[in-house]
Every structure is written in C-alpha cells, then in structure tokens.
Amino acid sequence: MTYETSLRSLTSACSAAGIVFHSRPVSALNDFIRSAFPASLLLQIELVGYPGDCEIPWIVEDLYLYGFGDIESRQAGYRIDVRTRHIVEGWDANRYVIADWSANPVVIGDDGRIAFAFHGMGSWKYQTIADDLPSFFGLLAAWIRYFVINHDGRLFDANSDLHEETIAEVIQITTDLKGVHQNEAVNFLLGMR
C-alpha cells in the first residue's frame with residue numbers, strides 16, 4: 001500500500017466514524033524530523049501531507065496520533081528526559097514517538113518500522129506492529145472500521161471481559177493487512193501484554 005493510499009483509507013475511516021481528522025501539508029522539515037523519518041517517506045509526506053492531532057477511540061483510552069509539528073515536543077517523558085533534555089537511559093535512540101495511548105508510546109524507528117511498548121514494565125520492550133507508516137495507517141483504518149463503526153467502541157461484555165470470539169475477530173481483521181505483524185498488532189489493538 002502506498003503512503004497516499006493508506007492516508008486516504010485512514011481519512012475515509014475517520015470520516016465514516018465521525019472522528020475529527022486533519023491531513024496537513026508539510027513544508028518545514030527540521031533536523032529532528034529528518035532524523036525521525038526515513039528520507040523516502042519524508043518525500044511522500046511532503047507531497048501528500050501528514051495526519052495528526054487526531055484522537056482515535058481505543059480499547060481503554062483514546063490513541064492520540066500527534067500532529068507533525070508536535071512530534072518533536074511530544075518526545076518529552078518518553079524519549080527525552082524532561083529535566084536533563086537528554087535521551088532517557090534505556091530508550092532506543094533510533095526510535096521516535098508518533099502517538100500514544102494510556103502512556104504507551106507508538107514509535108517509528110529509523111528503519112521506518114512502527115512499534116509500541118507498554119509503560120511501567122521496567123524497561124522499554126518494543127513490539128513491531130507494522131513494517132512502515134502506510135501499513136500502520138492501514139491497520140488504524142481497519143481498527144476504526146471494526147471497533148468504532150461496527151462495534152460502536154464497545155468490545156467488553158457486562159463483566160468487562162473480552163470474549164475469545166472478539167479476539168478471533170480482531171485477529172481476522174489483521175490477517176489480510178500487508179506489512180502488519182499480526183500477533184503484535186493484536187496485542188496493540190487490544191492492549192494485551
């Protein structure tokens with residue numbers, strides 16, 4: 001899937017779900033942004049734009065997809081120590097936070113892969129969920145259609161349990177998504193450790 005196609009798919013899913021979503025043109029690329037995103041991806045972002053400032057309903061709290069202009073400042077508390085302004089010990093310096101939910105960071109690596117990690121685990125253990133940003137956007141679009149549109153943002157039963165059938169459905173929606181790491185994507189979508 002191309003970057004442009006994945007962005008259109010995400011835009012369409014957000015629109016259908018009533019999620020406020022903006023894809024903005026990008027013009028000013030500072031050194032930080034150039035280090036965070038692969039050069040080939042930056043060319044596509046400059047041509048098509050970048051989504052952001054978007055809150056996507058999630059299993060527990062909303063996933064916040066940062067605006068392109070906010071990515072650098074949003075490293076604080078994850079990648080960057082707020083007091084020292086240095087990279088946090090134990091943080092992979094080649095990963096940059098592009099989104100989060102419940103204080104769990106979603107990162108892009110300098111290789112373009114998208115991963116997430118759970119906070120509070122003693123160290124950052126990244127799980128790769130997508131080979132690249134277009135695959136990640138495709139995953140988000142599929143999740144929005146499944147969780148928000150088809151299930152009205154509700155997957156738990158009256159006892160706050162997640163049934164095996166629901167997990168199987170989430171596995172199924174990730175099956176045909178190219179560039180998505182299925183097991184890790186299911187963990188990501190359902191907040192499973």
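Hey, if we sort Lys178, Lys125 by accessible area with the 1.4 Å probe, largest down, what's the order?
Ranking Lys178, Lys125 by accessible area, largest first, yields Lys178, Lys125.
For a Förster distance of 25 Å, can you work out the FRET efficiency between the beta-carbons of Met192 and Asp152, rounded to the nearest 0.05?
Given R0 = 25 Å and the Cβ-Cβ separation, E is 0.75.
Taking amide H positions as placed 1.01 Å from N in the peptide plane, with prolines and chain starts having none, which residues 5 or more places from Leu63, or on another chain, fall under 5 Å of its amide H?
Long-range HN contacts for Leu63: Ile56, Trp58.
If you wrap a convex hull around the alpha carbons of the chain, what volume per residue comes out, as a whole number of Å³? It would help to have the intermediate numbers written out before the result.
Values: hull volume 22.3 nm³, N = 193.
It is 115 Å³ per residue.
Could you check how much of the accessible area of the chain is carbon and sulfur, as a whole percent, using a 1.4 Å probe?
After summing per-atom areas, the C and S share lands at 48 percent.
Calculate, for the chain, the solvent-accessible area per residue in square angstrom, rolling a 1.4 angstrom probe over the heavy atoms of the protein chains.
49
Semi-axes, largest first, in whole Å: what does sqrt of 5 times each Cα gyration tensor eigenvalue give for segment 94-193?
Square roots of five times the eigenvalues give 23, 17, 11 Å.
Please give the FRET efficiency for Thr175 paired with Ala103, using the beta carbon to beta carbon distance and R0 = 22 Å, rounded to the nearest 0.05.
0.15
Among Gly49, Ser12, Ile167, whose Cα projects farthest towards the positive end of the dipole of the chain, with charges put on the beta-carbon of Lys, Arg (+1) and Asp, Glu (-1)?
Gly49
For segment 60-131, what D do you get in µm² per second when you plug the Kirkwood radius from alpha-carbon pairs into Stokes-Einstein at 37 °C and 0.692 mPa s?
The diffusion coefficient I find is 266 µm²/s.
If r is the Cβ-Cβ distance from Ser12 to Asp131 and R0 is 25 Å, what FRET efficiency results, to the nearest 0.05?
Working from the Cβ atoms, E equals 0.70.
Explain nothing, just the number: relative contact order of the chain, from Cα pairs under 8 Å at least 6 residues apart, as a whole percent.
Normalised by residue count, the contact order of the chain is 20 percent.
The values are calculated or read from the model by the stated rules, or taken from the named source; none is laboratory data. Model, not experiment: these values are computed from the prediction. Every residue, glycine among them, receives a Cβ derived from its backbone with ideal geometry; neighbour counts consider all protein chains shown. Each accessible area value is taken on the protein alone, full model and side chains, heavy atoms only, with ligands, DNA and RNA left out. Shrake-Rupley method; radii C 1.70, N 1.55, O 1.52, S 1.80 Å.
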